[in-house]
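A.B. asks: If you scroll down you'll find the structure; I have some questions about it.
The values are calculated or read from the model by the stated rules, or taken from the named source; none is laboratory data. Because the structure is predicted, anything quoted here is derived from the model rather than measured. Cβ atoms come from the backbone with ideal geometry, glycine included; neighbour counts cover every protein chain shown.
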Amino acid sequence: MVIGDYLSVPECLKNPLCFQTESHPSGIPSHKIFVFDGPDVGHPLGRQWHLTFYPQEKAGFTYLGLTLEHYCHRFGVIPAAERWNKIYVLGKDRAYLHKPAPTLYRPTVFTEIENATGVSFTIGTVQKSWSKLHGDQRDELLPGLDDIGSLSRDEFIYQVQRHRAVIGLGWPVQPSTPLEALCVGTPFINPVWLGRRTEPDRSKWHTQHPYLANFDPPYVYNVQDHREEDIVEAVKGVMENPLKEAFIPDDMKKEVYLTRIEGLITKNWSALARSKKVSTTSPPPQ
């Protein structure tokens, strides 16, 4: 079994010295090649050979998932009384604050919410955005944001531990950071846009973290775009009802994750490939 990313697997499937064919029997059969987290990458045997971080079974992908316990449990949960009255804004690039990013909040939202709640906002950007090279202004911070700069992973978790919550900007989509935050007892404020939060079927929401959109306070606060009152309500909820312990979704727990790994390894992928009537030693379609 070979698991590659969305860049390496397509290259293998195009390389006659990598992919097994009748003229190159020592190559890797297609049923033993899997794409991890690359749902837009074609595979000659179909979507079941795509492994995903988050459940997408309705789309036909194989859910592998991830587990963070081995890392985040090193840090523990800081009691609310010892945390700063700050919320961490998720985004390493200042360009996430400007179009073509979703720009889900008014430019003055962070100042307004600080005035309303007394809670301030932190962001940590890696460097000035590449967009500055093109002469635009997407490197500018919004008012009310304190940029603490680039952080190592341990330094970042240290910050998240001591903030009251993490809030999303819309990009990047479905990152692992909110799960890391929850694992150290820090809730996530998840923006919803291009749809209504009142829609009962949450799979129809367009949100930064579709997986976490299925959870509710005190773990996840789903807020509607351009509704600052939603954010104020979420901030007040975070302050009044803080998490007292780590939260890890059941399907992300280590033992459940390892069960999925075992299922992946022991499944008869060769038989499944044959049932599709697709040769595992034929070149993939171009």
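A.B. asks: So how many residues does the stretch 141-178 have that are at pLDDT 95 or above, among the basic types (K, R) and either within 16 Å of E228 (Cα to Cα) or not in a loop (DSSP other than H, G, I, E, B) (or both)?
C.D. replies: Qualifying residue count for the region: 1.
A.B. asks: Would you tally the residues in the stretch 2-29 being in contact with a strand residue (DSSP E or B) (Cβ under 7 Å, 6 or more places away or on another chain) and under 19 Å from A273 (Cβ atoms)?
C.D. replies: Number of matching residues: 11.
A.B. asks: Can you name every residue in the stretch 1-48 that is assigned to a helix (DSSP H, G or I) and either touching a residue at least 40 places away in the same chain (Cβ under 8 Å) or polar (S, T, N, Q) (or both)?
C.D. replies: Passing the criteria: S8, L13, K14, S30, H31, K32, Q48.
A.B. asks: Looking only at helices (runs of 4 or more DSSP H) that fall completely inside the stretch 179-286, which ones have 2 or more residues that are within 28 Å of G46 (Cβ to Cβ)?
C.D. replies: Hits in the stretch 179-286: 254-266, 269-275.
A.B. asks: Please verify whether G170 is on the phi > 0 side of the Ramachandran plot and crowded, with 20+ Cβ neighbours inside 10 Å, treating the condition exactly as stated.
C.D. replies: Here the answer is yes, as G170 does meet what is asked.
A.B. asks: Are any residues in the stretch 211-229 without any contact (Cβ under 8 Å) to a residue 12 or more places away in the chain and either closer than 16 Å to R162 by Cα or among the acidic types (D, E) (or both), and if so, which ones?
C.D. replies: Residues satisfying the conditions are D216, E229.
A.B. asks: In the set Y54, Y96, Y88, Y71, which member is in a helix (DSSP H, G or I), of a type outside the set (A, V, I, L, M, F, W, C), surrounded by 18 or more Cβ atoms within 10 Å (Cβ to Cβ) and within 17 Å of the chain's Cα centre (by Cα)?
C.D. replies: Step by step, each of Y54, Y96, Y88, Y71 is checked, and only Y96 is in a helix (DSSP H, G or I), of a type outside the set (A, V, I, L, M, F, W, C), surrounded by 18 or more Cβ atoms within 10 Å (Cβ to Cβ) and within 17 Å of the chain's Cα centre (by Cα).
A.B. asks: Any residue that is under 26 Å from P107 (Cα atoms), at pLDDT below 95 and among the acidic types (D, E) - is there at least one of those in the stretch 204-227?
C.D. replies: yes
A.B. asks: Anything in the stretch 237-259 that is touching a helix residue (DSSP H, G or I) at 6+ places or on another chain (Cβ under 7 Å), over 15 Å from Y63 (Cα atoms) and either among the aliphatic types (A, V, I, L, M) or at pLDDT below 95 (or both)? List them, or say none.
C.D. replies: Residues satisfying the conditions are A246, I248.
A.B. asks: Sticking with this structure for a sec: Pairs, please: C-beta under 6 Å, at least 6 apart or cross-chain, first residue over 17 Å from R260 (Cα atoms) and in the stretch 62-77, second of a type in the set (D, E)?
C.D. replies: Qualifying pairs under 6 Å: C72/E180; V77/E245.
A.B. asks: Just the residues that are loosely packed, with under 14 Cβ neighbours inside 10 Å and of a type outside the set (G, A, S), please, taken from the stretch 192-216.
C.D. replies: If the condition is that a residue be loosely packed, with under 14 Cβ neighbours inside 10 Å and of a type outside the set (G, A, S), then L194, R196, T198, E199, P200, D201, K204, D216 are the ones that fit.
A.B. asks: Among the residues of the stretch 1-20, which ones are over 20 Å from I261 (Cα atoms), buried (at least 16 other Cβ atoms within 10 Å of the Cβ) and not aromatic (F, W, Y)?
C.D. replies: S8, P10, C12, L13, C18, Q20
A.B. asks: Does N85 satisfy the condition of being without any contact (Cβ under 8 Å) to a residue 24 or more places away in the chain and polar (S, T, N, Q)?
C.D. replies: no
A.B. asks: If you don't mind, there's one more thing I want to ask. Would you be able to say whether some residue in the stretch 257-271 is surrounded by 16 or more Cβ atoms within 10 Å (Cβ to Cβ) and either of a type in the set (S, T, N, Q) or closer than 23 Å to R83 by Cβ (or both)?
C.D. replies: no
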